[in-house]
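Below is one structure, written out as structure tokens; comments come after it.
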Amino acid sequence: MKPTLFFLPLSIAVVVLPVSAQRISTNNADNAPPITVRGIPDAPPNPKATLNPRVPGSFQIESSNAYSRADIFVRCVGPDAKALWPIVEGPPNETTTATMQGLFVMHNRACRIAGSELGLANPTDLGRYSNAGTPNSDSQVSGSPTAFYDRGALIEYAIKKYAADVRVTKADTHSEPVVNRFIAVEQGRNRFRWPEDLAYFKIAACMVQAQPELSSDLIASKPGSVNASRIGFTIIARAHLCVPRARHIEVDPTQFRVYIADAYYRWAEATKGVDALVPARDEAS
């Protein structure tokens, strides 16, 4: 029986992970797991991939609504570079990063559509993903059910505000210097991710490497729209070599979008050869 991974309560699930993701063995911060990307040759679209079913409709609705609320919240706040930098550029799931995201939510409650997570008193819990434990176990991770979507909305906002002129191409993502920069930075940056989260990020990084132009189109599309779903499933169809031997790929379109945006942001940094797309502070700050 092939393993199926589940991450968040509203899950992206893949039947088989790519070779690079199969080497995940630890989420110990002292032992950064390898981030490996490899050039994916152009492959004809896999018709079966475009026909893969989405996760059940109730999951899609819940995640789509959660992201919509996060997007409204972020656009209402209109964060500057000083607020964005520690969240977007900080290592995902690292305590300081989560705390800064939680404080950002707390300090901007006036823009927040009411949600159960606002009862969390600890800013670290408010900025950290919940229920990201080991698959098929009873382990639970303290955190916010909306933190994943908040981070995704913040990353998209950062791309549109500070990297609107960046258009990553296949020539970029298959350039040896760019690939080397990506690996060097991301291996350290992602050492705090939970194993399942890291596995999905690696798949997204591979798919963005294979289809950077479509990934950019997905980020530019309206969240939850028919066009966004069409672009997302086209990415899966054309980058199916990132999940070799997989017969069935089941994704939540909203969560898939968040992972693609995160990976695209990192490829954009590697392409530009900069440590961060978001400056430490805006010039006028």
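If residue 225 satisfies every condition in (1) surrounded by fewer than 23 Cβ atoms within 10 Å (Cβ to Cβ); (2) in contact with a helix residue (DSSP H, G or I) (Cβ under 9 Å, 6 or more places away or on another chain) but one, which is the exception?
(2)
Quick check: anything in segment 96-113 buried (at least 19 other Cβ atoms within 10 Å of the Cβ), among the hydroxyl-bearing types (Ser, Thr, Tyr) and at pLDDT 85 or above?
Checking segment 96-113: at least one residue is buried (at least 19 other Cβ atoms within 10 Å of the Cβ), among the hydroxyl-bearing types (Ser, Thr, Tyr) and at pLDDT 85 or above.
Among the residues of segment 223-230, is any under 16 Å from the mean Cα position of the chain (by Cα) and closer than 26 Å to residue 187 by Cα?
No: zero hits.
What number goes with the only condition from (1) assigned to a loop (DSSP other than H, G, I, E, B); (2) β-branched (Val, Ile, Thr); (3) at pLDDT 95 or above that residue 74 does not pass?
(1)
Any idea which residue in segment 133-153 is modelled with the lowest pLDDT, counting only those that are in contact with a Ser or Thr (Cβ under 8 Å, 6 or more places away or on another chain) and small (Gly, Ala, Ser)?
The extreme case among them is 133.
Only one of (1) in a loop (DSSP other than H, G, I, E, B); (2) within 24 Å of residue 77 (Cβ to Cβ) fails for residue 148. Which number is that?
(1)
Filter segment 154-164 down to the residues that are at pLDDT 90 or above and out of contact with any Leu (no Cβ under 6 Å at 6 or more places or on another chain), then identify the one that is surrounded by the fewest Cβ atoms within 10 Å (Cβ to Cβ).
In this case the residue turns out to be 160.
So for segment 123-132 (the condition being of a type in the set (Asp, Glu) and at pLDDT below 90), does at least one residue qualify?
Yes, segment 123-132 contains a residue that is of a type in the set (Asp, Glu) and at pLDDT below 90.
Name the pairs: first residue in segment 241-266 and under 16 Å from residue 190 (Cα atoms), second residue in a loop (DSSP other than H, G, I, E, B) and not polar (S, T, N, Q), Cβ to Cβ under 9 Å, at least 6 apart or on different chains?
Taking only residues 6 or more apart or on different chains, the pairs are 259/12; 262/92; 264/168; 265/163; 265/277.
Report, by residue number, each residue of segment 174-221 that is more than 26 Å from residue 71 (Cα to Cα), outside any helix (DSSP H, G or I) and either without any contact (Cβ under 8 Å) to a residue 24 or more places away in the chain or small (Gly, Ala, Ser) (or both).
Scanning segment 174-221 gives a single hit, 175.
The values are calculated or read from the model by the stated rules, or taken from the named source; none is laboratory data. Since the structure is predicted, the reported quantities are computational estimates derived from the model, not experimental observations. Note that we place each Cβ from the backbone using ideal geometry, even for glycine, and neighbour counts take in every protein chain shown.
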